[in-house]
Every structure is written in C-alpha cells, then in structure tokens.
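So the structure is just underneath, and the comments pick up after that.
Each value in this text was obtained by applying a stated rule to the coordinates, not by laboratory testing. As the structure is a prediction and not an experimental result, all values here were calculated from the model. As a convention, Cβ positions derive from the backbone with ideal geometry for all residues, glycine included, and neighbour counts pool all protein chains shown.
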Amino acid sequence: MAKFGVMVCGHGSRSQAAVDEFKVLAERLVPHFPDWPVDYGYLEFANPVMRDGLDALRAKGCDHILAVPGMLFAAMHAKNDIPTVLNTYAAKHNIKISYGRELGVDPKMIAAAAARVTEALNAANATNPVPLEETCLVVIGRGASDPDANSNVSKVARLLQEGMGFGWVEVGYSGVTFPLVEPCLNHAVKLGYKRIVVFPYFLFTGVLIDRIYGFTDEVAAANPGIEFIKAPYLNDHPKVIDTFAERVREILDGENLMNCSMCKYRAQVLGFEAEVGMAQESHHHHVEGQGASAPGATVESCTLCDTFCTGACRLDMDHHNHDHDHGHSHDHGHSHDHEHDDDHSHDHHHDHAHGHHRHDHDHGHDHVHPPYPQAKHPHGPESVRKRLK
C-alpha cells in the first residue's frame, strides 16, 4: 500500500512574520491527518524551499504525496510554478505526487472572511455604532495578471456585502492590476458613507498588508470626516484550516480540478486572447530560498519608499514583463501571482487527467510573455508614479 504524505506549497516571503504564520498554518493541519506526515515548503524567497519539504516526506517513507497550493486563488504560481517543481521532483525520485486545487471561493472561506470583518466592526461599534447600511466595505485582493483570479476577489466581495448587509462594496488590489489601493479608496470616499471598512483578503502578513494599511492611513488622514477601519487578514482562522484539509482529501476523491473554463491559457478571455495555448512556464528559480536578508528586502533599504512599500519599484519594468514588486518582500495571500521572464525557458505540456498541469523542462530556448494588457491603466501601478523620488 502507498504511504501518503501531505505537502503544503507556499509562495514564500522575505517577511519573517509571514513565513512564521505560514508555518503555523501547516502545523495546524497535522491533527486533520493523524496517520500521515505533513510538511511544507516555499516556492521562492523563504526557506525551507519546496524540495526540502518533499525530501522530509520521502525520508519518512512517503511514496504518494498529496500536495496543495497554499494560495487563495489560482493564477500563475498555482497553475504553472508549483506544478513544475512537483512534477520535476516526482520524475527525479520516482514517486507519485498528486496536486490539489487552490482554496478558491468556498463557503468556509467566506465565513472566515466575515468573521475577520465582524471582529473589526465589533471593536469599532463598541465606541461608535454605525449601521451596516451606512458602511462601505472595501475588499483588497492580491492582484494578478490573471483575470480569472482577479474576478474571484469581486465574487468574495459581493458575497460579503449581500450576506452581511453593507451599504456598498468596492474592490481593489495591492499590485499588478487595477484599481490599486489608493485610487480605490479615493473613489470610495466620494460615495458619502460614514464608515469605510478596509479588508485585505490575504492569508498572511507581509509587505502587501503594510501597503494596504499604509495607504488606508494616508487616505484616512486626508478625509477626517470618514471613519476608516482596518480589518485583519484571514491568517489561520479555523475555517481556513478546514478548507485546506478539504482540498487535500478531495485529491483522493477525484474532485481536485482547477477551474479552467476561464483560464487565459485555454479560453478566449477578453483582452488576453494572445495567451491562449501558451507554454505555462515556471520562473521562480532566481529567488528560490532567498529570505529577509536579500538586498532591498525591507523599506529601510529602499530608495523609493519611506514608511511602507508603495509599489513604486514596479514602474518602468515592462521590458522585463515582471509582476513582482522588486526590492521588497512578498506576501503569501495571494493569489500571490507574479509573472516574469528570466533565463529559464521550458516546454510544457498539460495533463488534466490528474487535475493539474504537467510541465516538462527544456531550457533550450527563450519565451516571452505578452505584456499585461492594462499595464498602463492610470488606476493601476501607474498611480504611484507621483511617488518616484
């Protein structure tokens, strides 16, 4: 009989606090699988890297590993980068690795989100009660160059608004796409609501949480007549842990397929038609294992930002086609989805029989991603150009 092991695949962060929080989440999965070893690893920036976690499971005799992406939504990291690492490792060591799906839009995740928002509301209402219908909810997602992942943030926001009864809801993103946090909040203040609740739909802390709260403080200072409330991110809420456990179990149940009906690599998604059928390649190798000691990992070492990472370093990098916020740490919550070109090129083939993409490496050529079609949108990364020093 196969000996199963559970592997949680994180994005990684140069923020040690974010790395610590991810470790706690992985450890909280252990009681859900008392008969199977559970381990974890990161795709980039932090240690242990994914192969270290896989090595640990193999050392315990596991020959069938059930791996899940530690991510809210499926964009490039979940669709391309993690499967590349898993399939390469499985082929090298002749073991079976089955890949599950992302957390996604799930009733348990919505319940966890509602609990975090309610936590913030209860604290505020203790001194200043404001009806929900007079409150605007602003949900901030990671932001990716994958429109399907971005649209899921809007669905989460609508479910929270309708389920809880907020007067209005707006959606923004911390990077890559639009509207970014500052233009989103500047729009929200024009709606006339007495209170604005800013909720980062993220799993963990990190530079992007700092960015969200930093812009919130700035917009609040400019609008003293409106009460701004910063709700906490998801972190290790019990419902989040339950969802991770379900994603592991459904691998064996054969219910682990990612949503490909709106995947830009497979369908004619409006504005992204050029990417249909593209090779889904991995580009994490150059930052694998780098941590908080990497150059430019903190705001203190940045020449562009003062108190929090604004994302200004993302500007004028379209010749690299990067979705990274270079020079700062990266958050896990995300759809955490950064796309960039480097010297690694791959020839990838897709295999949906096991619910994930198969990736076979061929480093003999270069491949360039089409630019994100809305890269110059004034409410996207361009909105921080005024901060360049």
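The loop-placed chymotrypsin sites (Phe, Trp or Tyr not before Pro) in segment 35-84, going by DSSP, include none that has at most 16 neighbouring Cβ atoms within 10 Å of its Cβ. Arranged from fewest to most other beta-carbon atoms within 10 Å of their beta carbon, VAL68, VAL117 become VAL117, VAL68.
Rg and Dmax over the alpha-carbon atoms of segment 110-233 stand at 13.2, 41 Å.
Charge tally around PRO232: other residues with Cβ under 11 Å, Lys/Arg +1 each, Asp/Glu -1 each, net +1.
For segment 37-105, dividing the convex hull volume of the Cα atoms by the residue count gives 82 Å³ per residue. The lysines within cross-link reach of LYS92, meaning a Cα-to-Cα straight distance under 27 Å and a gap of 8 or more places when in the same chain, are LYS3, LYS23, LYS60, LYS79. Measuring from centroid to centroid over Cα atoms, what is the spacing of segment 51-89 and segment 36-50 in Å? Each part's Cα centre sits 8 Å from the other's. Scoring 124-135, 104-115, 149-160, 217-228 by mean Cβ neighbours within 10 Å over their residues and listing the highest first yields 149-160, 104-115, 217-228, 124-135.
Would you mind classifying segment 15-66 by shape? Square roots of the alpha carbon gyration tensor eigenvalues, ordered a ≥ b ≥ c; an a/c under 1.5 is rounded, otherwise it is prolate if a/b is larger than b/c and oblate if not. Oblate is the answer for segment 15-66, as a/c is 1.5 or above yet b/c matches or exceeds a/b. The trypsin sites (Lys or Arg not before Pro) of segment 33-90 that meet both conditions, a loop assignment by DSSP and at most 12 other Cβ atoms within 10 Å of the site Cβ, are LYS60. Among GLU300, GLU382, GLU255, the ranking by other beta carbons within 10 Å of each residue's beta carbon, starting with the fewest, stands as GLU300, GLU255, GLU382.
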